[in-house]
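Working notes, beginning with the structure itself.
Just so you know, all these numbers are worked out from the coordinates, no wet-lab data involved. Quantities reported herein were computed from a predicted structural model and do not represent experimental measurements. Please note: Cβ atoms are built from the backbone with ideal geometry, for glycine as well, and neighbour counts cover all protein chains shown.
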Amino acid sequence: MNIAATIAGELGVKESFVAAALKLMAEGNTVPFIARYRKEATGGLDDSQLRTIEERSTYLRELEERKETILAAIEEQGKLTDDLRTLIVACETKARLEDLYLPYKKRRKTKADIAREAGLEPLTDKLIEDPTADPEQLAGEYLTEGFEETKKALEGARAILVDRFALDADLVGEVRERMYTTGSMNAGVVEGKETEGAKFKDYFEFSEPFEKLPSHRILALLRGENEGVLQLNLDAGDDAVYEGLIADRFDLDVATSRWLADAVHWGWRTKLSISSGLDVRMRLREKAEEGALKVFATNLRDVLLAAPAGQRATLGLDPGYRNGVKCAVIDPTGKVLATTIVYPHQPQKKWAEAVRELASLSAAHSVDLMAIGNGTASRETEKLAGEVADLIAQAGGTRPTPVVVSEAGASVYSASQLAADEFPDMDVSLRGAVSIARRLQDPLAELVKIDPKAIGVGQYQHDVNQVALARTLDGVVEDAVNGVGVDLNTASAPLLERVAGVNSTIAANIVAYRDENGTFASRKELKKVPRLGPKAFEQSAGFLRINGGTDPLDASAVHPEAYPVVARIAEKTGLGVSELIGNSRVLTKLSPSDFADDNFGVPTITDIIAELDKPGRDPRPEFKTATFKEGVDKVSDLKPGMILEGTVTNVAAFGAFVDVGVHQDGLVHVSAMSHKFVSDPHEVVRSGQVIKVKVMEVDVERKRIGLSLRLDDEPGQPAPKRRGSNNGGGRTGGRNSRRDSNRKGGLGRSDHSGGSMADALKKAGF
């Protein structure tokens, strides 16, 4: 098999590009590096395409290795024919390969094997050849030890015939495919589980064709079955169709011979339907997992690439009632300046004291932003932050901006070894407030410290293959980090670890070198870091940025290997490199082809010129926040017809969850996203996006909120059936999984003096 050609055909790209990508990967080059800096070789294949190539090549190599193993095994048996070899070599799937190998596979002795050893195979052949013959009479001629009665002899002959059905690769494949394409999944509730399994109510009487089942419904059904609530039945369809396939395949006259007809029926019901059903289950699970991984990857990418508030002094607030609101002030670089715990809520209700303390703290450190975690007591704490901000403004200062952010994974981080190493003397509860503040400044830099599975944007994430999940998510994080770039002089070890070519050891060594020698003055200095060899430098250098270094190009995405190209461009324009950077007037007039050579083609030169125009450009969107409606703090405050602003917290196959500030996310079903048909909710919204929605229905008791993106919809109108909206008890995302809620508003950096602001507050009586 030509692996490159096969993958190229699947992706619709040139074989030479796939072959080049595979060669580069084999040489130890990373996906981000290939995607960014080897476009000429790969034809500009992007991160996603390269990862598909990586995964498919692994599958196809395993397939080829399995072919070799099977060919050797069959040849050892002396049963390998030229025709069989051709069939095996031509296999494109592991399933087809295993079908062909089945007759030659070592197995436990079956009823069919015992019957063959007893000499009953000729009886089977005669029953096929002469459908008009009397089976009892024929069987009487083959009675032997173990098969002393005609009934047993006929059962032995049937076992042989059924075994032939089960070992016929073409038949097995055809039956399996027909069942998948024409069959359906039926589900019903297990008797007595109606109340306990109410979350699966939509599936108590359920039927849908296999091919039409979306991933979230498959996973919900399987979860319901696993929890003992649902009884699943894989309905293949009309038995007669399959029995006809079997009879035709073996040229059996079932119309004449009742015995043959019964044998075919028996073979279908006891062998082929069962094996095909198992295969359908496996295919459905694979389909479901693929869909779930795609959803998770897309959501994670959106969350990681959410707009950063930027380097500004921030007060992080981790809300709570009894245990208080944990508070941490960080400077523009993320360094912790102060921590405290206030108790404004029940049962202590020290509201005024909390306002005074936080106002003084904010003023003393010139706080620009107040990051409020979106968990328990979030809206109450948001009100507290609003009062603090108003007080500062009344005292003559610049009003800090309160912003509700996701606290998903903050508790995971605070209890981690990483947090303990970073803050050995800080109480665990306060570390969460630090994380909340930092993720507002730079979501990507902070979220890389947390297991992606703890960020709360998955769909049935615990029901999928965990190895595949980890591999997929690691790829997303790697692509996100390298797509944005990393400040070499401020990045943490966990962030550096995600840079192409940098492992945990090298990341730790970079930080250690920085601590010992001070900031890096140039990318070249990276070569002095222990264990960071030429290959690691090649892979990582373009993604590591140095602001204010000796070479202005070190702050850009231009790779050091291409610095001579920039020198040529500068020489031709008559400008210095510093004068060239950001000079759109000059750069827009340049033709990339004028600078292309054997090493750097037009695609790379085009990227270089674009980077010179806007060096170190952050691909993330502009920072915006949602403004929650005043007086709408809990589900019972919602009324149908309300138009609210909210933040998308999670996007699933069936719709999007939106935080509208009531401690419970509402659902915009895919059918309520547009006046046009929407096949994929990601086409309309993304995680972290600020949107306007209309409240369509509110179920206070069940805490369900129905929303619509169609603001002209009228509540009370018939709504589309929401299969999958919260099915299977498996809605992931939502208030209980905690999430990111970036709010709207352009924020200017505060220039006021912290000391004078504190004085002003004291004069005001605080």
So, for the Cα atoms of the stretch 265-318, Rg and Dmax in Å stand at 23.5, 75
Under the 7 Å Cα-to-Cβ spin-label approximation, residue 23 and residue 212 lie apart by a distance in nanometres of 4.9
With the charge dipole of the stretch 259-328 built from beta-carbon charges (+1 for Lys and Arg, -1 for Asp and Glu) about the Cα centre, the Cα from 277, 324, 299 projecting farthest to the positive end belongs to 324
Helix-only [θ] at 222 nm, the chain, -39500 (n - 2.57) per DSSP H run of 4+, per residue, nearest 500, equals -13500 deg cm²/dmol
tail above 18 Å in the computed P(r) of the stretch 3-104, as % of all Cα-Cα pairs, reads 52
One finds, for residue 547 and residue 98 with R0 = 60 angstrom and r their Cβ-Cβ distance, a FRET efficiency to the nearest 0.05 of 0.60
With DSSP loop assignment and no more than 14 other C-beta atoms within 10 Å, the trypsin sites (Lys or Arg not before Pro) in the stretch 505-587 are 531
Loop-resident trypsin sites (Lys or Arg not before Pro) in the stretch 334-368 with no more than 15 other Cβ atoms inside 10 Å, DSSP not H/G/I/E/B, are 335, 349, 350
Note: probe point = Cα of residue 141 + 7 Å toward Cβ; backbone nitrogen < 18 Å; residues of the stretch 89-119 passing the test are 116, 118-119
Relative contact order of the chain (C-alpha contacts under 8 Å, at least 6 apart) in percent is 12
Rounded to 0.05, the calculated FRET efficiency for the beta carbons of residue 383 and residue 468 at R₀ = 45 Å is 0.55
In whole Å, largest first, the alpha carbons of the stretch 338-413 cover along the principal axes 38, 26, 22
Given unit charges at Cβ for Lys, Arg (+) and Asp, Glu (-), the dipole magnitude of the stretch 478-613 about its Cα centre in debye, nearest 20, is 220
Taking the square root of 5λ for each eigenvalue of the C-alpha gyration tensor of the stretch 205-285, the equivalent ellipsoid has semi-axes, largest first and in whole angstrom, of 32, 12, 10
Binned at 5 Å from zero, the C-alpha pair distances of the stretch 246-371 give percents of 2, 9, 11, 9, 7, 7, 6, 5, 5, 5, 4, 4, 4, 4, 4, 5, 5, 3, 1, 0
Note on the stretch 120-290: contact order normalised by length, alpha-carbon pairs under 8 Å, 6 or more apart, percent, works out to 27
Cα-based Rg/(2.2 N^0.38 Å) for the stretch 314-466, rounded to two decimals, is 1.04
In the stretch 1-70, the trypsin sites (Lys or Arg not before Pro) that sit in a DSSP loop and have at most 15 other Cβ atoms within 10 Å of their own Cβ are 14
Kirkwood Rh for the stretch 595-712 from C-alpha pairs, in Å, is 16.5
Residue-ordered couplings for the stretch 338-347, obtained by feeding phi - 60° into the Karplus form 6.51 cos²θ - 1.76 cosθ + 1.60 and rounding to whole Hz (Gly and Pro as x), are 7, 9, 6, 10, 10, 10, x, 9, 4, x
Each label sits 7 Å from Cα toward the beta-carbon; between residue 201 and residue 512 the label points are separated, in nm, by 6.0
With R₀ set to 25 angstrom, the calculated FRET efficiency between the beta-carbons of residue 134 and residue 114, to the nearest 0.05, is 0.55
Cα gyration tensor of the chain diagonalised, 5x eigenvalues square-rooted, in angstrom largest first, produces semi-axes 60, 37, 22
Answer check: the stretch 478-613, Cα atoms, Kirkwood Rh, Rg/Rh ratio of 1.00
Scan of the chain for GluC sites (Glu not before Pro) in DSSP loops with at most 10 other beta-carbon atoms within 10 Å gives a longest site-free stretch of 192-621
Under the Karplus relation with 6.51, -1.76 and 1.60 and θ = phi - 60°, whole-Hz ³J(HN,Hα) for the stretch 99-107, x at Gly and Pro, equal 4, 5, 7, 3, x, 10, 7, 5, 8
Quick calc, the chain, dipole around Cα centre from Cβ unit charges on Lys, Arg (+) and Asp, Glu (-), nearest 20 debye, gives 3120
Residues meeting the amide H criterion for residue 405 (H placed from the backbone, H to H distance under 5 Å, 5 or more places apart or on another chain) are 372, 373, 374, 741
Of all DSSP beta bridges with both partners in the chain, the antiparallel percent, nearest 5, is 75
When the charge dipole of the stretch 1-136 is computed with +1 on Lys and Arg Cβ and -1 on Asp and Glu Cβ about the Cα centre, the Cα farthest towards its positive end, among 81, 35, 95, belongs to 35
Between residue 535 and residue 676, the two model label points (7 Å from Cα along the beta-carbon direction) sit apart by a distance in nm of 4.8
Semi-axes (Å, rounded, descending) of the ellipsoid equivalent to the stretch 27-83 per its C-alpha gyration tensor are 38, 10, 9
Over the Cα atoms of the stretch 32-162 the radius of gyration and the largest Cα-Cα distance (Dmax), both in Å, equal 24.7, 79
Rg (one decimal) and Dmax (whole number) from the Cα set of the stretch 120-290, in Å, equal 20.3, 62
Note on the stretch 320-417: contact order normalised by length, alpha-carbon pairs under 8 Å, 6 or more apart, percent, works out to 23
